[in-house]
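To keep things clear, I will list the structure first and then write my remarks on it.
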Amino acid sequence: MGITTLLFERGIAELLNATTSASWVLFARRSPRGFDVVIWKDGVFERHEAESVSVEDQRLKISPRLVDPEGCVGFQILKNPVWDILALDVSPENAPQIAVSVDRLFQLAMETSELPQLTPIDHASDVLERIQDAFYALDEDFRFVWVNAAGERLARLSRREMMGKRPWETHPEVAGTNLEQIYRDAMKDGQSRVLKYFMENEGEWVEGRVFPSPQGIAAYYTIFTETHRQSMKQELMEVVATGVQPAETPREILEAGVKAIHDQLDWDFGGVWLSGPQGVGSSALWASDTELAETMSQTVASMEDLPVTLLQGKYGFKALVLIRLHLDDYQKCILAFGRTNNDWTLWTRVLTDARESLEIIFQRRFARLHMDRIFRFTPDCLAVLDSTERFIRVNPTLEFLLGYTGKSLRTMCFRDLVHPDDIEDVAEEFEGVLTNDTLIAFEARMRTVHGLWRWISWSCHPMSDEQVLFLSGRDITEQKSAEDAVISQTRKLREREQRLRTISNLTNDAFWDWNIEQNKIWWPAEDAEYGQPRTIEDWFSLVHVEDLPHVKAVLLSIGERENSECTLTFRYKRVDGKWASVRARAISKINSVTGEMHVYGGFNDITSELEFNERIRISEERFRLISLASQDMIFEWDLEENTIWWSEDLDQSFGDMSTIELWQQRVHPDDIERVTKSLSHAIFTKDRVWQEEYRLKRQNDTWAFVKETGRVVLNAEGSPVRMVGGVIDVSEKRDQMLRLQEQAQLIEQASSAISVRDLAGIVHLWNQAASQIYGVQQSDIVGKHLSNFVNFDPMIFTEAVRATLEKGSWEGEFHVLINGVPKVITARWSLLIQEHAKKIVAFESDSTQTKLLESQYIRAQRLESVGRLAAGIAHDLNNVLSPLLVGLGTLKREEDSDSKLKLLNTLEGTTLRGRDIIRQLLGYARGEEVEMKLLDLQLLTQDFVGLASDTLPKAIRLESDLNSADAWVVGDRTQIGQVLMNMCVNAADAMSEGGTIKVELRNVRLDHHMASTLSQAVSGEYARISISDTGYGISPEEREHLFEPFYTTKPVGKGTGLGLPMALTIVKKHGGFINLYSEKGRGTTFHIYLPLANDRPSDVDITSTPDILHGGGETILVVDDDSAIRNIVCDALEAFNYKTLRAAHGAEAVSIFAEKLDTVALILTDLHMPVMDGLALIAAARHLNPDIKVVALSGLSANGKRAKASASGIRHFLTKPFATEELLQTLQEALDE
């Protein structure tokens, strides 16, 4: 099928199928729904839609899998107006070849601006027409059906000449060749082919690709002559470089190189001629044809100045190539190659292009040959190192010098042989030498195989391209020795010269020669500053007038005889007019030539010396005075003379230490070894400075801690000659340091928190107690801000800082939360000023427990105050209640009306309740003794319920459940009743709008497990009274403080805060405990647990009421300072058949008793009365009648006197207030004794 008859997609698909043998071709372009896909397979098109289509690294990715993407190749078609992606079913291994075809096929289409206007047929034809490769389409009978323009140019025929013919018909020369066979094999097996061949007529190399298909063959042909030539050149260079490598002589090198070229390029002739200063040699060094080479020598010699010469048709060659190469600075060579084939053009180009590369190869090999000869025969030491400084190659000279074999050296690094003192310098020289590519030179000592050291001067040449170092060295050991000797001699000469010059400069500043006979004086030119007088008279005129007589006389006297000498000191006028103090020395000599007497002399200016000496004297005096005034003591130790000079104050303090031995005798025995060792180290090493602390014995045999510092002074030779230094007595400072350490230890061990912080809040000191109180370790807080760790109240903290700054101190308290626990911190701050810096020193302690104890103490004081107040009013209240109780008893006896009796009983119960309240208040506050008896708790609770029903508000309903038949306890009836009353009153107060109170009595047994669940409980049998209300309940916060004295949740004036504390105290005294259960809004239940009594009454009818006791006419002396009590008691007694006598105090009672001694049967007296109290009355009455019966009346505040009364034998007491029945019962018991 002709390509011109296909539509665009079909034409492209079938063309690709024909050229690549693809079984299917896929076209894809983007659409609003994803991708439109067209698949050509077996000449049929299928259209599909795909979600995604992409190409990565020429690999197709498609979803869904419309085709198998694994065995195909994909291409992205850029700027194409029709399709975005093209893929075909070919092996990925053939992708590079197919890419060329696809790229060339579509590139022109993408760049053609007229593409949108072309028909698909025109489009495909235009693309094939524009490609640079020659394209041929052949049908199944190998006849041309399409040829593009490039194909016409390559075939050198027009399309008309080629269409319908076979290739071996248009070009008979290929008939029966490899080309015809390739076409036929490809058509036969359907496999593509690649072929390369040389076109002799064109001188070009051509590469062809043949793609068969059932319809025919598509063939592409590309000229790759240039690429092939470069490849041949590279291959040629490698062959030549390899060929010359083993050659050992210049002749062998040239022969190996030319032979390699000859063999590699398959030339018919090859030869090489050397060319030196005298021209080209007469014969070839090597030639493939010796005879031919002889005939060519003249031609070669004439061409030596040209880089490349091409001769055609000479000596039977189609081409003869002559190439000139420079081997080194003075030698060249000429290579000659001849070829008889038609492909000589390509090979000539290859050789021409390779000339410079061949020249470099030969030059390097010649250089390496020269290097080898240098290595072998040079007298210098040569070595090649790799980048790690390991020996690669060494010459015999280095082997001989060091004594190592080359093999052993190649196992070593250069630094392995360098002297340790030189390694650091060598390493510094080698540092970066390869990267910097610079020449370096250095000297180093190298170890021989015998362990000796040889000095070698090295030059290092880095060869960065090969990453090696070339070293050249000379043995300079003898030179170094000679240099050392010369340096030593030169140093000595310079020292002598310097010494002589120094002596000359020190001794003579001016010289003269006085010829006595001629009276002439000669002066050196450099002594012009002294005027240079020419006669002795002129010289004398410059001498100070005061010194002249002596100077003149001495000089004239030594001029009279030879070898006379003198030394003079005088003043001399210089040219500038100033007087100089000079020291002159002169000697007389006779000139051996003239025989004349000469006085040779010289003087030096000692003005500065004298001034310096004066300054030294003043300085020494000042130094002496300063050393006396300061605490430092100075010394100078002459190491050569072993004498020590000490300042005066040191001599006075420590005595004679003029030698090192005397000094050592005063050093403490425990310090002498350490001090002597460090002193020797400072003198004989490079330290030169000695510093030590030790103990030195004073003259008074006490030990002083001293700090001594000395500096060693060296002479010109560098030897130590003196040590100068000072001694400081640090005993006081050391004591201060010890005290500071003790103070620091005390601070650290103090029980109070001690801290120091600056005004910015940064902590500088934090002792152990502070860590314990605040829970912050010293290492965590020192150097950091205090507020990061402790949260003080900002207002209090700021005020405390302000007060500290203004007043210098502050005291107060902080309330802080430390680890979730509230604490009270008592603080005392002081202001500390150090070197203009202000800091705050804080002394702080945890006073939480102290505050708690104070609170408890204050609370106890409040209770004590209540006790005192209660005791103060108890007497008056009891005196008020006593007539009421006695009077009510009398009224009840006389009243017959049930309603009135009920009212009188209520009044009596209320009065008794008031009495009990007073007793319980005093008992709680002052610990009054209670009367413990065996009680029927069921009966007691029933009486209480009956009383409470009448007294509680009407809105409160009281219920009871008292079914325990055997609830006997040991206790105080009044106190237990008070507990029940307090509980009920609190319950009623909790139900202001009304509610129900329920009282229950049960006997319970608590085992160990149950007791552990109740606070303060122990296992055992208990009577449990439960009092429940339907009030608003008690919160957990209120429960914590419920039993604290004076704590109340009631409004002001509604509660005292003593009810529950009193109840708890009473229950604890009875061996019981209280437990409660409460829910907010649902009421509260108090459980009162009282231990059951071990004993039970046998025949006691607790429900019976005793009969009222009447008297038998006995006379009772009633003594009380309260007239109401006295009168009501007498009236009651008289109502019950007693006679009475009345007295207001003890004195009156004694008088009546003395008068009625035989009549009075019993004295009823108050213990607390004015004028004469009850105890005095009883004592006086018993004095009159030892057998007199006595009943003592007492208030709760009179317990002290009651105790004394008991001690005096009184056994019957009545406690105010009391009821009539109690009065009659007590009197009866006393009278019956």
Within segment 631-646, can you find the residues that are surrounded by fewer than 16 Cβ atoms within 10 Å (Cβ to Cβ), within 18 Å of Glu692 (Cα to Cα) and at pLDDT 80 or above?
Glu636
Quick check, is Gly208 assigned to a helix (DSSP H, G or I) and surrounded by 16 or more Cβ atoms within 10 Å (Cβ to Cβ)?
no
Which residues, taken from segment 782-811, are under 22 Å from Gln768 (Cα atoms) and small (Gly, Ala, Ser)?
Gly783, Ser787
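Would you confirm whether any residue within segment 341-353 is of a type in the set (S, T, N, Q) and either touching a helix residue (DSSP H, G or I) at 6+ places or on another chain (Cβ under 7 Å) or outside any helix (DSSP H, G or I) (or both)? Before you say what the answer is, go through the steps one by one.
Going through segment 341-353, the residues of a type in the set (S, T, N, Q) turn out to be 341-342, 345, 348, 352.
The next check asks that each one be either touching a helix residue (DSSP H, G or I) at 6+ places or on another chain (Cβ under 7 Å) or outside any helix (DSSP H, G or I) (or both); those that pass are 341-342.
So far as segment 341-353 goes, yes, one or more of its residues are of a type in the set (S, T, N, Q) and either touching a helix residue (DSSP H, G or I) at 6+ places or on another chain (Cβ under 7 Å) or outside any helix (DSSP H, G or I) (or both).
Which members of segment 1016-1043 meet the condition of being in a helix (DSSP H, G or I), closer than 12 Å to Thr1084 by Cβ and among the acidic types (Asp, Glu)?
The first filter runs over segment 1016-1043 and keeps only residues in a helix (DSSP H, G or I), leaving 1036-1040.
Imposing the further condition that a residue be closer than 12 Å to Thr1084 by Cβ reduces the set to 1038-1039.
Within segment 1016-1043, Glu1038 is the sole residue that qualifies.
Take the residues in segment 1125-1145 that are in a helix (DSSP H, G or I) and not β-branched (Val, Ile, Thr); name whichever of them is nearest to Leu1227 (Cα to Cα).
The selected residue is Leu1133.
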Would a scan of segment 647-654 turn up a residue that is in contact with a Phe, Trp or Tyr (Cβ under 7 Å, 6 or more places away or on another chain) and at pLDDT 80 or above?
no
In segment 514-563, which residues are in a helix (DSSP H, G or I), in contact (Cβ under 8 Å) with a residue 24 or more places away in the chain and farther than 21 Å from Ser581 by Cα?
Ile558
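Mind checking which residues of segment 469-487 are in contact with a strand residue (DSSP E or B) (Cβ under 7 Å, 6 or more places away or on another chain) and not hydrophobic (A, V, I, L, M, F, W, C)? Outline the logic, then answer.
Step one: list which residues in segment 469-487 are in contact with a strand residue (DSSP E or B) (Cβ under 7 Å, 6 or more places away or on another chain), which gives 469-477, 480.
Once the filter is applied, which keeps residues that are in contact with a strand residue (DSSP E or B) (Cβ under 7 Å, 6 or more places away or on another chain) and not hydrophobic (A, V, I, L, M, F, W, C), segment 469-487 yields Ser472, Gly473, Arg474, Asp475, Thr477, Lys480.
Do we have any residue at all in segment 1055-1074 that's of a type outside the set (S, T, N, Q) and part of a strand (DSSP E or B)?
At the first step, the residues of segment 1055-1074 found to be of a type outside the set (S, T, N, Q) are 1055, 1057-1064, 1066-1074.
Going one step further and asking which of them are part of a strand (DSSP E or B), we end up with 1073-1074.
Yes, segment 1055-1074 has at least one match.
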State all residues of segment 572-604 that are part of a strand (DSSP E or B), of a type outside the set (A, V, I, L, M) and in contact with a helix residue (DSSP H, G or I) (Cβ under 9 Å, 6 or more places away or on another chain); if no residue qualifies, say none.
Tyr572, Lys573, Trp579, Ser581, Arg583, Arg585, Ser588, Gly601, Gly602, Phe603, Asn604
Tally the residues that are touching a residue at least 60 places away in the same chain (Cβ under 8 Å) and either buried (at least 16 other Cβ atoms within 10 Å of the Cβ) or not in a loop (DSSP other than H, G, I, E, B) (or both), restricting the search to segment 306-340.
8
State which residue is farthest from Val712 (Cα to Cα) when the search covers only segment 669-694 and only residues that are hydrophobic (A, V, I, L, M, F, W, C) and surrounded by 14 or more Cβ atoms within 10 Å (Cβ to Cβ).
Ile672
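Could you please let me know if Gly190 is in contact (Cβ under 8 Å) with a residue 12 or more places away in the chain, small (Gly, Ala, Ser), farther than 30 Å from Ile360 by Cβ and exposed (fewer than 15 other Cβ atoms within 10 Å of the Cβ)? I'd like the intermediate steps shown before the answer.
Numbers: in contact (Cβ under 8 Å) with a residue 12 or more places away in the chain: yes; small (Gly, Ala, Ser): yes; farther than 30 Å from Ile360 by Cβ: yes; exposed (fewer than 15 other Cβ atoms within 10 Å of the Cβ): yes.
Spelling it out, Gly190 is indeed in contact (Cβ under 8 Å) with a residue 12 or more places away in the chain, small (Gly, Ala, Ser), farther than 30 Å from Ile360 by Cβ and exposed (fewer than 15 other Cβ atoms within 10 Å of the Cβ).
Taking only segment 1043-1068 into account, find how many residues are surrounded by 18 or more Cβ atoms within 10 Å (Cβ to Cβ) and either of a type in the set (A, V, I, L, M, F, W, C) or modelled with pLDDT under 80 (or both).
Keep residues of segment 1043-1068 that are surrounded by 18 or more Cβ atoms within 10 Å (Cβ to Cβ), which gives 1045, 1048, 1058-1067.
Adding the requirement that they be either of a type in the set (A, V, I, L, M, F, W, C) or modelled with pLDDT under 80 (or both) leaves 1045, 1048, 1058-1060, 1062-1064, 1066-1067.
Of the residues in that region, 10 qualify.
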Could you check Val280 against (1) surrounded by 16 or more Cβ atoms within 10 Å (Cβ to Cβ); (2) modelled with pLDDT of 80 or more; (3) within 29 Å of Arg368 (Cβ to Cβ) and say which number it fails?
(2)
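Restricting attention to segment 167-205, and to residues there that are aromatic (Phe, Trp, Tyr) and assigned to a helix (DSSP H, G or I), which single residue is nearest to Ala155 (Cα to Cα)? It would help to see each step written out before you state the result.
First pass over segment 167-205, keeping only residues aromatic (Phe, Trp, Tyr): 168, 183, 197-198, 205.
If we keep only those that are assigned to a helix (DSSP H, G or I) too, we end up with 168, 183.
Numbers: Trp168: 12, Tyr183: 17 Å.
Only one residue fits best here, namely Trp168.
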Go through Phe391, Phe442, Phe362 for me and flag whichever is surrounded by 14 or more Cβ atoms within 10 Å (Cβ to Cβ), touching a helix residue (DSSP H, G or I) at 6+ places or on another chain (Cβ under 9 Å), in a helix (DSSP H, G or I) and not acidic (Asp, Glu).
Phe362
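Just to check your reading of the model, which residue among Met237, Met232 is surrounded by fewer than 20 Cβ atoms within 10 Å (Cβ to Cβ) and not aromatic (Phe, Trp, Tyr)? It would help to see each step written out before you state the result.
Numbers: Met232 fails: surrounded by fewer than 20 Cβ atoms within 10 Å (Cβ to Cβ).
After ruling out the rest, the residue left standing is Met237.
Would it be correct to say that Asn819 is assigned by TED's automatic domain parsing to the domain that holds Asp758 and free of Cβ contacts under 8 Å to residues at least 12 places away in the same chain?
So Asn819 does not fit the description; no.
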Return the residues of segment 995-1015 that are part of a loop (DSSP other than H, G, I, E, B) and either free of Cβ contacts under 8 Å to residues at least 40 places away in the same chain or in contact with a helix residue (DSSP H, G or I) (Cβ under 8 Å, 6 or more places away or on another chain) (or both); say none if nothing qualifies.
Asp1007, Thr1013
The conditions are (1) surrounded by 14 or more Cβ atoms within 10 Å (Cβ to Cβ); (2) in contact with a Lys or Arg (Cβ under 7 Å, 6 or more places away or on another chain); (3) outside any helix (DSSP H, G or I), and Leu958 fails exactly one of them. Which is it?
(2)
Looking only at segment 255-267, which residues are modelled with pLDDT under 85 and of a type in the set (D, E, K, R)?
Asp263, Asp266
Scan segment 134-150 and tell me whether some residue there is crowded, with 16+ Cβ neighbours inside 10 Å, part of a helix (DSSP H, G or I) and of a type outside the set (Phe, Trp, Tyr).
yes
Write out, first by first residue and then by second, each pair whose Cβ atoms fall under 7 Å of each other, whose residues are 6+ apart or on separate chains, and whose first residue, in segment 1128-1147, is closer than 24 Å to His1183 by Cβ while the second is among the small types (Gly, Ala, Ser).
Lys1139/Gly1113; Ala1143/Ala1149; Gly1146/Gly1174; Gly1146/Ala1176
Please go through segment 409-459 and pick out each residue that is touching a Gly at 6+ places or on another chain (Cβ under 7 Å) and farther than 20 Å from Asp380 by Cβ.
His450
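For segment 744-818, list the helices (runs of 4 or more DSSP H) that sit wholly inside it and hold at least 1 residues that are surrounded by 16 or more Cβ atoms within 10 Å (Cβ to Cβ) and hydroxyl-bearing (Ser, Thr, Tyr); which are they?
Working: elements: 768-774, 778-781, 794-807.
Output list reads 768-774, 794-807.
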Enumerate the pairs (first residue in segment 408-427 and in a helix (DSSP H, G or I); second residue anywhere and loosely packed, with under 14 Cβ neighbours inside 10 Å) with beta-carbon separation below 9 Å, excluding pairs fewer than 6 apart on the same chain, so at least 6 apart or on different chains.
Ser408/Val449; Arg415/Ile423; Arg415/Ala427; Leu417/Thr448
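Hey, can you tell me all the residues within segment 25-73 that are under 60 Å from the mean Cα position of the chain (by Cα) and of a type in the set (A, V, I, L, M)?
Just the residues of segment 25-73 that are under 60 Å from the mean Cα position of the chain (by Cα), to begin with: 30, 32-35, 50-65, 68-73.
Answer for segment 25-73, where residues must be under 60 Å from the mean Cα position of the chain (by Cα) and of a type in the set (A, V, I, L, M): Ala50, Val53, Val55, Leu60, Ile62, Val73.
The values are calculated or read from the model by the stated rules, or taken from the named source; none is laboratory data. Here the structure is a predicted model, which is why all the values come from computation and not from measurement. FYI the Cβ positions are ideal-geometry reconstructions off the backbone, even for glycines, and counts take in every protein chain you see.
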